[in-house]
1. Looking at residue 289, is it over 22 Å from residue 395 (Cα atoms) and out of contact with any helix residue (DSSP H, G or I) (no Cβ under 7 Å at 6 or more places or on another chain)?
2. Got a sec? Which of 29, 22 is over 25 Å from the mean Cα position of the chain (by Cα), in the same structural domain as residue 374 (by TED's automatic domain parsing) and surrounded by 15 or more Cβ atoms within 10 Å (Cβ to Cβ)?
3. For residue 60, all conditions in the list (1) modelled with pLDDT of 95 or more; (2) buried (at least 22 other Cβ atoms within 10 Å of the Cβ); (3) over 30 Å from residue 132 (Cα atoms) hold save one; what is the number of the exception?
4. Can you confirm whether residue 116 is outside any loop (DSSP other than H, G, I, E, B), touching a helix residue (DSSP H, G or I) at 6+ places or on another chain (Cβ under 6 Å) and in the same structural domain as residue 201 (by TED's automatic domain parsing)?
5. Which residue out of 76, 95 is part of a helix (DSSP H, G or I) and either touching a strand residue (DSSP E or B) at 6+ places or on another chain (Cβ under 6 Å) or at pLDDT below 95 (or both)?
6. Mind listing just one residue for me: the one in region 349-364 that is part of a loop (DSSP other than H, G, I, E, B) and surrounded by fewer than 19 Cβ atoms within 10 Å (Cβ to Cβ) and, of those, farthest from the chain's Cα centre (by Cα)?
7. Please give the strands (runs of 3 or more DSSP E) falling wholly within region 239-320 in which 3 or more residues are in contact with a strand residue (DSSP E or B) (Cβ under 8 Å, 6 or more places away or on another chain) and crowded, with 24+ Cβ neighbours inside 10 Å.
8. Among the residues of region 178-228, which ones are surrounded by 20 or more Cβ atoms within 10 Å (Cβ to Cβ) and touching a residue at least 60 places away in the same chain (Cβ under 8 Å)?
C-alpha cells in the first residue's frame with residue numbers, strides 16, 4: 001500500500017487508484033513518466049495545519065520550493081495559504097497563480113538587489129534576512145521606492161535537526177542565519193535604518209524532521225530571544241519557525257505528528273501577543289504525489305537483476321542526490337507472489353541513475369506500471385533535461401477528473417531559447 005494518504009491512494013479490484021481515477025487509465029491517456037497529484041490530499045494536508053492553529057493568530061505560508069506548479073499554488077491560495085519564497089522566480093509564480101503578495105514572506109540566503117526591488121514593488125508581507133549586508137540592501141531599496149520593508153532576522157539557534165546533512169540548517173557551522181548570541185546587535189542596528197520595520201524573528205533548523213522535539217527546542221530558544229529584544233524596546237510581532245516537518249517515505253515509518261507538535265507549540269506561545277508563522281512544504285505535497293513510470297525491460301548482469309524504467313534521475317533526483325528512499329508499488333497488484341531482489345534504474349548514462357538498490361519486488365515484466373511514491377515534493381521541482389530528456393507531464397486528479405497542469409515537454413522544447421551564432425568568414429586582404 002502506498003505511503004501516501006490512504007483516502008487518496010487505494011487498490012480497487014487489484015488496481016491502484018488516485019482518488020476515483022485508475023492509474024492505468026491515466027498512463028493510457030497521458031503516457032509515462034508522469035507526476036500524478038491528488039487535489040484532495042494537498043488540501044487535507046494544508047488544513048492539518050490551518051485547522052490546528054485556528055485558535056491562535058497565525059499564517060501558514062506554503063514553501064513554494066517543494067512544488068511550484070502554479071495549479072498547486074492556485075489550489076493552496078484558494079484554501080487560504082500564504083507563501084514562503086526563496087527567489088524572484090517563485091514570487092512570479094505565486095503572482096501568476098493568483099496568490100496575494102501580502103501573504104508572501106521572502107526567505108533565502110542570497111537575495112539579489114533586483115529580486116529585493118521586485119518583491120518590494122509587489123508589496124510582499126516581509127523578508128527573512130540572513131545577514132547585515134542584506135538588511136542594508138533592503139533598506140536602500142525601500143528608501144528608493146519610498147516604502148517600508150517589514151523584516152525578521154533569521155537566527156541560528158544551534159539546534160541539531162537530526163536529519164540528512166544536506167537539509168540540516170540550524171547549526172553554527174551552516175551558511176544560514178545569524179548566530180543567536182550575536183543577533184541582538186544586528187537587530188539594534190537594523191531598527192535604526194530608514195525604510196526598515198523590524199517586526200519578527202525567524203528560525204528554520206532543517207527539513208524532513210521526524211522527531212519534532214528539536215523544533216520545540218528551537219522555539220524555546222527563539223522565544224527567550226524575543227523577550228530579550230522586547231526588553232530592549234523592540235516591537236516584535238511575529239515568530240517564524242519555518243517548516244521542516246518530515247513525512248513517511250518507508251513502509252512502516254511514521255511521519256512527524258503535526259497535530260501533536262502544533263498543540264505543544266501553541267502552549268509555548270499562548271499569551272505572548274505573537275503571530276505564529278509556519279512554512280511547511282514537504283508535509284503538504286510529498287504524500288499527495290507519485291511518479292508514474294513504465295518498465296521498459298528487465299536485464300540480468302552477472303546474476304544481478306535490473307528493472308529499467310522510462311523515468312530517470314532527471315525526473316526524480318532525490319535518490320541520486322540524497323540516497324533517498326521511495327517505496328515503489330506496482331499499479332496492478334501482482335497475482336504471482338514470487339519476489340526477487342532488483343535495482344530499479346532509469347535510462348540516463350550514470351550509475352547514479354537509480355530509484356532503488358537491491359529492493360525486494362514482484363517479478364516485473366516489460367510494460368508493467370510502477371508508482372514511485374511520496375514524490376509530490378522535490379520531485380518535479382528538481383527535474384532537469386539532463387541527457388536531453390524532455391521533462392514529464394504533471395497531472396492533478398480531482399475525484400474522477402484529471403487535469404494536465406503541465407504538458408509533457410517535446411524535443412522542440414529542449415532547444416527553445418537556444419541559437420546558433422552567425423559566423424562571418426574572415427577573408428584576409430591580399
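1. On the way: over 22 Å from residue 395 (Cα atoms): no; out of contact with any helix residue (DSSP H, G or I) (no Cβ under 7 Å at 6 or more places or on another chain): yes.
In short, no.
2. On the way: 29 fails: surrounded by 15 or more Cβ atoms within 10 Å (Cβ to Cβ).
Sole residue among the options that is over 25 Å from the mean Cα position of the chain (by Cα), in the same structural domain as residue 374 (by TED's automatic domain parsing) and surrounded by 15 or more Cβ atoms within 10 Å (Cβ to Cβ): 22.
3. (3)
4. Numbers: outside any loop (DSSP other than H, G, I, E, B): yes; touching a helix residue (DSSP H, G or I) at 6+ places or on another chain (Cβ under 6 Å): yes; in the same structural domain as residue 201 (by TED's automatic domain parsing): yes.
Taking the combined requirement at face value, the residue satisfies it.
5. Details: 95 fails: either touching a strand residue (DSSP E or B) at 6+ places or on another chain (Cβ under 6 Å) or at pLDDT below 95 (or both).
Within the list 76, 95, the selection yields 76.
6. Going through region 349-364, the residues part of a loop (DSSP other than H, G, I, E, B) turn out to be 349-353, 363-364.
Subset that is surrounded by fewer than 19 Cβ atoms within 10 Å (Cβ to Cβ): 349-352, 363.
On the way: 349: 27, 350: 25, 351: 26, 352: 22, 363: 33 Å.
Within region 349-364, the match that is farthest from the chain's Cα centre (by Cα) is 363.
7. Details: elements: 275-278, 289-301, 304-309.
Once the strands (runs of 3 or more DSSP E) in region 239-320 are filtered for at least 3 residues that are in contact with a strand residue (DSSP E or B) (Cβ under 8 Å, 6 or more places away or on another chain) and crowded, with 24+ Cβ neighbours inside 10 Å, what remains is 289-301.
8. 190, 196, 200, 202, 204, 207, 208, 218, 222, 225
The values are calculated or read from the model by the stated rules, or taken from the named source; none is laboratory data. Please read all numbers here as calculations on a predicted model, not as lab measurements. Cβ coordinates were reconstructed from backbone atoms using ideal geometry, including for glycine residues, and neighbour counts include every protein chain displayed.
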